[in-house]
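K.L.:
Let me give you the structure first, and then I'll get to my questions.
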Amino acid sequence: MKYPQVWDLDTFFKGGSQSSDFQHFVKETEELVDKLFASTSAKMTLAQLVNELVNVQKVMQRLRHGAAFVSCLKAQNVKDEHAVQWQGKLNELQAKLQNIWVELEATFVRMEDGEWQELLNHPQLSDITFSLNERRQAAAEKLAPEQEKLAAQLAVDGYHAWGEVYNQAVGRMEIPFEEGGETKRLSPGQLSNRLSSKDRKVRKRASKAYAEAWKKETPLFASTLNHLAGFRLNLYRARGWNDVLKEPLLINRMKRKTLDAMWSVINENKPKFYEFMDRKAKLLGVDKLAMHDIHAPLPSGGNEKIAYDDACELIIRHFRKVSPKLARFTEGALRDGWVEAEDRPGKRPGGFCTSFPLAKQSRIFMTYNGTMSNVATLAHELGHAYHGYCLKDKAPLAQRYAMNVAETASTFAETIVADALVQEAKTETLKLSLLENKVNRAIAFFMNIHARFLFETRFYEARKQKRLSVKELCDLMEEAQREAYGNQLSSYSPTLWAHKLHFHITGVPFYNFPYTFGYLFSIGIYQLALEKGASFEDDYIALLQDTASMTVEELALKHVGADLTKRDFWQSAMDLIIKDVDLFLEMTS
Ligand SMILES: [Zn+2]
C-alpha cells in the first residue's frame, strides 16, 4: 500500500490561501459574528438566549474551521503572506466573539438559580451544561463585566505586549558559534539542535554559547517577567483571589489535591531515575551528568531508518492489538490524505494536529525523514486526530477539552508504538536507544517540568512582595532545578526563566504542570488498557468523548474507576515507566 505524503486541503477550500471559497467563507462568518453581536443584549428571553447559545457555537465552529485551514497553510509554506493576513482577520473575529461571551456570561450571573436551571434543562443545551455552569461560576468569581472588559483591553498593550517582547528579542538574536573552522551566526533554534549533538564537546560549547547569549538578555527579561507577574497578581488581587494556582487549576478543571498527589508520587519515585542518570553518565564516560547531557543520545545510538509506508503499516498493526477501532480510523486517515509528511523545503519545523470541525476531519502536519522519533511523532499526532474523531458529533462547547487532557489520546497512541518498537527491535543497540528515549521523556516531565513548576509558584509568591532582580531569579531557578533533579547534576541552567518561552506565554498561565499531568494520566490509562484487554476499548472511547464535559476527577472516576486525588492511580502509571528503567539498567549492567 502506498500512502500519500502530501495532505489534501482542497476538500475544505480549493486554491490555498488565494481560495475564493475561503474568502466567501470568512465573509459569511463575519456577517454571522456581527449579527450575533447585534442580537446579544441584557434583555433576552430564555428562548432567545437558547437560540443565541446555539448560534454562538456555530460561529465558534466556523472560526475553528477557518483557523485550522490558515494554520495548515502557514505551516506548509512559511512564506505564505496571504495566510498571515487571513490569520489577522480571524483573530479580529475571535476577539469580537470573546466580547459576545463576556455579555453572555454577565447574563448567566444575573440569572436567578431557578431560571438558570430552566435554561440548563433545555434539550438543545443538554450536551453543554457542564461548560455553561463552569462559565457562570467563573464569571461570578471575576470582576464586574465592564471591569473585566477594561482589564482585557488594557492587557493588549500591557500584559500581552510584555509577552511579545520575548518573541521580538528571540527573533533578532544571532549567536556566534564555531563550526567546521568558521564562525557561524545561529538563531537560538538552530543552536539548540547542537545541544543534543552526539559529541559532548559540541554540546558543551553549544550550551556555553547559548547561556552567554541569553545572559545578555537577562536584564530585559527580568523586567518583562516581573511585569507579567505583577499584572497577573494585580488582577487576581482585584478579583479577591489569593492563590496563584486558582486560575490554572480552574482552566485545567482539576483539584489542588490531584496536583499534589501527582507530584508526591513523582517525588517518591525519583531515586529510581537517579540510578538511570548515574548509569547514563557512565555510558557517556562522565562522573555526573551535566544539564546538557540529560537528553544527549547514547554513544552507541542507532541510526536505523524506516520508510514512510512501512511506518504507516507498523503503526496500524500495533494500534490494532490494543484498539481495532483506532486502527481502522488510522488506516482511513493515512489513506485519505489527512497527513502532510513530505520532507521538502519551505515547511515550518515541528508537528501538530488540527481539526476541521465542519468537515469532522483532522489534518496532521510533520516532516518525515525516517527516524524512530518521526514514527513516534506520527503515532502521537494520529492519537490527537482520533480524539477529535471521537468528539466529532458532540456540541462545539463539549469538544473544548483543557490542556491537561489534550495529550491523553496522543500519548496513549505514542506509547503503544514506542512499546512495540522496543519489543521488536532487531539489535540490542537499537533496543537500548529506544528505551533510553522513553525514560528520557519521563525525566523531562518529572524533573524539567517539575523545576519550572517549582520556580513559577515560588516566583509568584515572592513577586507579591517585590520585584525580583536578575540574580534573585537565577538563584530561584537553580534552587528549583536542584530540588527537581535531586541534586544529581554537575551543572544547572539558572537562566532558564529567560530563555524558556513558556514563562512568557500570556494566553495560558502556568504552562507547565498540565504537561506532566497529561503524560502520567495517559500512561495510567494505558496501564489499564494492558490489564483489561479487549474490553477496554469502549471505556476508552467513552472517556475521550467526555474529556470536555466534566472535571478530570469525575472523568477518571466515571470511566476507569480511579480516584486522582489519591496516589494509587499515579503509582500504577509510574510502575509501568519504572519497568523501562529496570530493563535499561539490566541491559547495561
Ligand atoms: Zn501532542
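K.L.:
What do you reckon, is T40 buried (at least 18 other Cβ atoms within 10 Å of the Cβ) and among the hydroxyl-bearing types (S, T, Y)?
P.N.:
For T40, the condition - buried (at least 18 other Cβ atoms within 10 Å of the Cβ) and among the hydroxyl-bearing types (S, T, Y) - is met.
K.L.:
Filter segment 401-410 down to the residues that are more than 11 Å from the ligand (Cβ to nearest atom) and in contact with a Leu (Cβ under 9 Å, 6 or more places away or on another chain), then identify the one that is nearest to G524 (Cα to Cα).
P.N.:
That would be V405.
K.L.:
Please work out which residue is farthest from A209 (Cα to Cα), limiting yourself to segment 274-306 and to residues that are at pLDDT 90 or above and charged (D, E, K, R).
P.N.:
Residue satisfying both the conditions and the ranking: E275.
K.L.:
What residue, of K426, K394, K431, is closer than 20 Å to G370 by Cβ, part of a loop (DSSP other than H, G, I, E, B) and either of a type in the set (K, R) or within 16 Å of the ligand (Cβ to nearest atom) (or both)?
P.N.:
When all the criteria are applied, what remains is K426.
K.L.:
Of all residues in segment 233-248, which are part of a helix (DSSP H, G or I) and crowded, with 19+ Cβ neighbours inside 10 Å?
P.N.:
Matches in segment 233-248: L235, E247, P248.
K.L.:
Within segment 36-70, can you find the residues that are β-branched (V, I, T) and in a helix (DSSP H, G or I)?
P.N.:
V50, V54, V56, V59, V70
K.L.:
Would you please list the contacts, defined by Cβ atoms under 6 Å and residues six or more apart or on different chains, that run from a residue in segment 402-418 that is within 12 Å of K438 (Cβ to Cβ) and without any contact (Cβ under 8 Å) to a residue 24 or more places away in the chain to a residue that is within 11 Å of the ligand (Cβ to nearest atom) and assigned to a loop (DSSP other than H, G, I, E, B)?
P.N.:
Every condition considered, no pair remains.
K.L.:
Right, next: What are the residue pairs meeting all of these: first residue in segment 545-567, first residue free of Cβ contacts under 8 Å to residues at least 12 places away in the same chain and among the hydrophobic types (A, V, I, L, M, F, W, C), second residue in a loop (DSSP other than H, G, I, E, B) and surrounded by fewer than 22 Cβ atoms within 10 Å (Cβ to Cβ), Cβ atoms under 9 Å, and 6 or more apart or on different chains?
P.N.:
These pairs meet every condition: L557/D563.
K.L.:
Report yes if some residue within segment 288-302 is within 26 Å of K426 (Cβ to Cβ) and free of Cβ contacts under 8 Å to residues at least 40 places away in the same chain; otherwise report no.
P.N.:
Checked segment 288-302: no residue is within 26 Å of K426 (Cβ to Cβ) and free of Cβ contacts under 8 Å to residues at least 40 places away in the same chain.
K.L.:
Also, I was wondering about something else. Report every pair of residues separated by at least 6 positions or lying on different chains whose Cβ atoms are under 7 Å apart, first residue within segment 147-174 and surrounded by 17 or more Cβ atoms within 10 Å (Cβ to Cβ), second of a type in the set (K, R).
P.N.:
E148/K142
K.L.:
Hey, could you check segment 204-227 for residues that are in contact with a Ser or Thr (Cβ under 8 Å, 6 or more places away or on another chain) and not polar (S, T, N, Q) and say which is farthest from L191 (Cα to Cα)?
P.N.:
Residue satisfying both the conditions and the ranking: A222.
K.L.:
So, one more: For Y274, are the conditions met, namely being exposed (fewer than 15 other Cβ atoms within 10 Å of the Cβ), out of contact with any Ser or Thr (no Cβ under 9 Å at 6 or more places or on another chain) and hydroxyl-bearing (S, T, Y)?
P.N.:
Criteria met by Y274.
K.L.:
Where the second residue is surrounded by fewer than 14 Cβ atoms within 10 Å (Cβ to Cβ) and the first is touching a residue at least 24 places away in the same chain (Cβ under 8 Å) and lies in segment 37-52, which pairs have Cβ atoms under 7 Å and are six or more apart or on separate chains?
P.N.:
Short answer, once both residue conditions are applied: L46/E118; V50/Q124; E52/S39.
K.L.:
Does V560 satisfy the criteria of being in contact with an Asp or Glu (Cβ under 8 Å, 6 or more places away or on another chain) and under 17 Å from E407 (Cβ atoms)?
P.N.:
Spelling it out, V560 is indeed in contact with an Asp or Glu (Cβ under 8 Å, 6 or more places away or on another chain) and under 17 Å from E407 (Cβ atoms).
K.L.:
Of everything in segment 362-376, what is more than 27 Å from A67 (Cβ to Cβ) and among the small types (G, A, S)? Give them in sequence order.
P.N.:
Listed by number, the residues that qualify are G370, S373.
K.L.:
Hey, among the residues in segment 342-366 that are surrounded by 19 or more Cβ atoms within 10 Å (Cβ to Cβ) and away from the ligand (no atom under 16 Å from the Cβ), which one's farthest from A307 (Cα to Cα)?
P.N.:
In this case the residue turns out to be P357.
K.L.:
Do you know which residues across segment 498-524 are assigned to a helix (DSSP H, G or I) and β-branched (V, I, T)?
P.N.:
T516, I523
K.L.:
Next up: Within segment 333-353, how many residues turn out to be outside any loop (DSSP other than H, G, I, E, B) and out of contact with any strand residue (DSSP E or B) (no Cβ under 6 Å at 6 or more places or on another chain)?
P.N.:
Matching residues across segment 333-353 total 3.
K.L.:
Within segment 354-370, track down each residue that is part of a loop (DSSP other than H, G, I, E, B), of a type in the set (G, A, S) and in contact with a His (Cβ under 8 Å, 6 or more places away or on another chain).
P.N.:
Scanning segment 354-370 gives a single hit, A359.
K.L.:
May I ask you to list the residues in segment 17-44 that are small (G, A, S) and at pLDDT below 95?
P.N.:
Of everything in segment 17-44, those that are small (G, A, S) and at pLDDT below 95 turn out to be S17, A38, S39, S41, A42.
K.L.:
To continue, here is another question. Any residue in segment 371-386 that is closer than 18 Å to K325 by Cα and assigned to a helix (DSSP H, G or I) sitting within a Cβ distance under 8 Å of a residue that is of a type in the set (D, E, K, R) and within 11 Å of the ligand (Cβ to nearest atom)? List the pairs, counting only those 6 or more apart or interchain.
P.N.:
A379/E414; H380/E414; G383/E414
K.L.:
Regarding F445, is this residue within 15 Å of T516 (Cβ to Cβ) and among the aromatic types (F, W, Y)?
P.N.:
Judged against the criteria, F445 is a match.
The values are calculated or read from the model by the stated rules, or taken from the named source; none is laboratory data. From a predicted model like this one, the values you see are computed outputs, not experimental measurements. Ideal geometry is used to build each Cβ from the backbone, glycine not excepted, and the neighbour counts take in all protein chains shown.
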